[in-house]
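Below: the structure, in structure tokens.
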Amino acid sequence: MPFNPTPNAPSTNAKVTITFAGLLLLKPDANNRCEVGVHHFSSSHLFQVILIVNKPQRPPTVIRLLTGPLSGLFEINATPDPGTGVLGFAPTPEPFVRNDPNNNALDFRWSLNGRALHANADFNDGARPVMRLNAGVLYTPNLTLPSIWPELVRGPQRTPLHRLAADLAAAIDLQPRSKIVLSWFELGDPRTLDLPRPADPANTIYTVALVNNPPINTPIAHDELALYYKVLQVNGAPIPPTSRFRLEFNIADPTTDEIPCMPGLLNP
């Protein structure tokens, strides 16, 4: 089942925001949660989980929670469970027409959807273990510039995408007496963290950044889709090279931060 759509705009200043950047694949599970496949078949991409704490009238505090590949399930759970699952901000009906000038810039469908390219696509063990999120509204916080002009290419076929989600985010507005519980393993040891943190001021807001990017000065240009195909499969088999797409841009060097390693969806 797909992420349930909601026409209600998410808060871009939510109590807790989860951000997704780099080689990550987001898909819904049978319980309306979001599973995040973390691509680890690229030596140039480093996975990190970073907590950014924004206290009132103070500069942000940045805290590293995890660096390196996951060794087990990483969970981000609103508790008590609100029961809504993870929604996708989609203010207009399907289909999403990418060149409609009235599109909302926060629409989560700006992200490239692997299941729109290949029915039943899923990730293999190159993107497992996963992270799992039980609540929030997915949206696009940043779009590529119009001048970059991304296109999907397969053989002679060229499909303009117009703009792409450079990253994704999930907004979680906590109810009174609710909290977010993060739980994971680091070097075999269990870790947990509750948000809000008890000692923080009441108006503190939090960002949990999931980042799987190369350094900004990585000298080797690369096709993000070619990397994604290393961890994608259909019915348990790799996608044949003749069926694969390329992603091309209207500039010579796609390693600029204006064309980041974007996360993708696997949304039925």
*Once the dipole of the chain is set up with Lys and Arg at +1 and Asp and Glu at -1 on Cβ about the Cα centre, which of Leu193, Ser111, Leu66 lies farthest towards its positive end?*
Leu193
*Along Cα→Cβ, 7 Å out, is where each label goes; now give me the distance between the ones at Leu73 and Lys230 in nm to one decimal.*
2.7
*With each label point set 7 Å from Cα along the Cα-Cβ vector, what nm distance links Val153 and Asn8?*
4.4
*Ranking of Thr17, Thr67 by count of other Cβ atoms within 10 Å, fewest first*: Thr67, Thr17
*Starting with the fewest neighbours, write out Arg191, Arg98 ranked by other beta-carbon atoms found within 10 Å of each beta-carbon.*
Arg191, Arg98
*Pair Ala202, Asp81: separation of 7 Å Cα→Cβ label points (nm)*: 3.1
*For the range 55-106, report the translational diffusion coefficient in µm²/s to the nearest whole number, using Stokes-Einstein at 25 °C, 0.890 mPa s, and a Kirkwood Rh over Cα pairs.*
149
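Given the convex hull over the Cα atoms of the range 109-252, what projected area results after averaging over all orientations, in nm²?
Projected over every direction and averaged, the Cα hull of the range 109-252 covers 12.5 nm².
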*asked:* Springs between alpha-carbon pairs under 10 angstrom, Gaussian network model over the chain: which of Pro156, Pro141, Pro80 fluctuates most?
replied: Pro156
*Mean-position separation - Cα centroids, the range 153-174 and the range 1-38, in angstrom*: 14
*Which ³J(HN,Hα) values in Hz, rounded to whole numbers, follow from the phi angles of the range 99-105 under the Karplus curve 6.51 cos²θ - 1.76 cosθ + 1.60, where θ = phi - 60° and Gly and Pro get x?*
9, 6, x, 8, 4, 7, 5
*Alpha-carbon spread of the range 24-113, three principal axes, descending order, Å*: 41, 39, 34
*May I ask you to list the aspartates and glutamates whose Cα is less than 14 Å away from that of Lys230, ignoring any residue fewer than eight positions away on the same chain?*
Asp122, Asp125
*Add -39500 (n - 2.57) for each DSSP H run of 4 or more in the chain, then divide by its residues: what number comes out at 222 nm, to the nearest 500 deg cm²/dmol?*
-500 deg cm²/dmol
_Sites Arg98 and Ile50, calculated FRET efficiency, Cβ-Cβ separation with R0 45 Å, nearest 0.05_ = 0.90
*asked:* Largest first, please: the extent of the C-alpha atoms of the chain along each principal axis, to the nearest Å.
replied: 59, 44, 37
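Readers should treat all values here as calculations from the given coordinates under stated rules, not as data from a laboratory. Since we're looking at a predicted model, the values are computed, not measured. When we count neighbours, we look across all protein chains shown, and the Cβ atoms used for this are built from the backbone with ideal geometry, even at glycine.
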